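Single-structure report; data block below.
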Amino acid sequence: MVDTRTTTEQVPAPVSVRVFGGPTALIEYGGLRLLTDPTFDAPGDYPLGGGRALTKTAAASASPAELGRIDVVLLSHDEHPDNLDVSGRALLADVPLTLTTPSGAGRLGGTARGLKDWESVEVGRPGGGAITVTGVPALHGPGEREELEPVIGQVVGFVLAGDGLPTVYVSGDNAQLGPVKEIAERFGPVDTAVLFAGAARGDILDRQLLTLDSARAAEAARILGARWIVPVHFDSWAHFTEGRAELVDEFTAAGLIDRLQLG
């Protein structure tokens, strides 16, 4: 990767992001440990109601007991088992703060706090100071929010920032580039983008995209000016229709393969 910044500008070290499968990743940031959409249940069928179900095809690469301390959970939404499962819900009870949608915080209770679009909260760092977590727009399918959310539910993404720290974007289950452009205008360029990809599709919206496909993920990375891209949400579930191979192909075609962090 070619870095166009001057040699006198300090380039921050890459943000540590450990991916466990599905949408679940551990971000170490400013001395804090933040976990995205916790899903640790065994493979199997997970009901959605109405006779529908999602099928998990592979176990997470670690168990909750192996994670160590978790300071914050960044939960894009609580209504689908591929974003929050039974083990994930149990884990929330031991976490000091869960940031999620306003409606999700109402359902979860406990330490859950809802963030509206562009609403921010400060989280204290162990050595003093704080990071800022901002809730950002996410659309879990096609169309306008007013039509989409009554069918698929609220979803939120997150931007992490702090003094002397690189900016991190966590997309949540977002399928559209419009929100990405808004986020880039306010926060770009970002250092690290954790993009929920996988081209998820389901019968609920006539198999239209529910998350970014690989081509849109590459375009999102370009829009954000991201130095590093960590894809999640592209394996371990049957309704993810694109995986590692498609990500590599599309990021190669876009000239961004050197920024893609696949582990």
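The values are calculated or read from the model by the stated rules, or taken from the named source; none is laboratory data. Just so it is clear, the model here is predicted, and its values are computed rather than measured. Note that we place each Cβ from the backbone using ideal geometry, even for glycine, and neighbour counts take in every protein chain shown.
Numbers at a glance
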| read-out | value |
| --- | --- |
| Filtered residue count, the stretch 200-230, keeping only those that are under 15 Å from the mean Cα position of the chain (by Cα) and either β-branched (Val, Ile, Thr) or modelled with pLDDT under 95 (or both) | 5 |
| Members of the stretch 221-253 found to be out of contact with any strand residue (DSSP E or B) (no Cβ under 9 Å at 6 or more places or on another chain), of a type outside the set (D, E, K, R), closer than 25 Å to residue 159 by Cα and not in a loop (DSSP other than H, G, I, E, B), listed by number | 223 |
| Residues located in the stretch 98-147, provided they are farther than 22 Å from residue 195 by Cβ, of a type outside the set (D, E, K, R) and in contact with a helix residue (DSSP H, G or I) (Cβ under 8 Å, 6 or more places away or on another chain) | 108, 110, 111, 112, 114 |
| Total residues in the stretch 210-222, condition touching a residue at least 40 places away in the same chain (Cβ under 8 Å) and surrounded by fewer than 20 Cβ atoms within 10 Å (Cβ to Cβ) | 1 |
| Residues of the stretch 63-82 classified as part of a loop (DSSP other than H, G, I, E, B) and buried (at least 16 other Cβ atoms within 10 Å of the Cβ), total | 11 |
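A quick yes/no check of all residues on (1) small (Gly, Ala, Ser); (2) surrounded by fewer than 20 Cβ atoms within 10 Å (Cβ to Cβ); (3) over 15 Å from the mean Cα position of the chain (by Cα):
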| residue | (1), (2), (3) |
| --- | --- |
| 111 | no, yes, yes |
| 118 | no, yes, yes |
| 121 | no, yes, yes |
| 133 | no, no, no |
| 139 | no, no, no |
| 144 | no, yes, yes |
| 155 | no, no, no |
| 175 | yes, no, no |
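Yes/no matrix, rows are residues, columns are (1) without any contact (Cβ under 8 Å) to a residue 40 or more places away in the chain; (2) outside any strand (DSSP E or B); (3) touching a Lys or Arg at 6+ places or on another chain (Cβ under 7 Å):
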{"residue": "131", "(1), (2), (3)": "no, no, yes"}
{"residue": "136", "(1), (2), (3)": "no, no, no"}
{"residue": "146", "(1), (2), (3)": "yes, yes, no"}
{"residue": "154", "(1), (2), (3)": "no, yes, no"}
{"residue": "159", "(1), (2), (3)": "yes, no, no"}
{"residue": "172", "(1), (2), (3)": "no, yes, no"}
{"residue": "180", "(1), (2), (3)": "no, yes, no"}
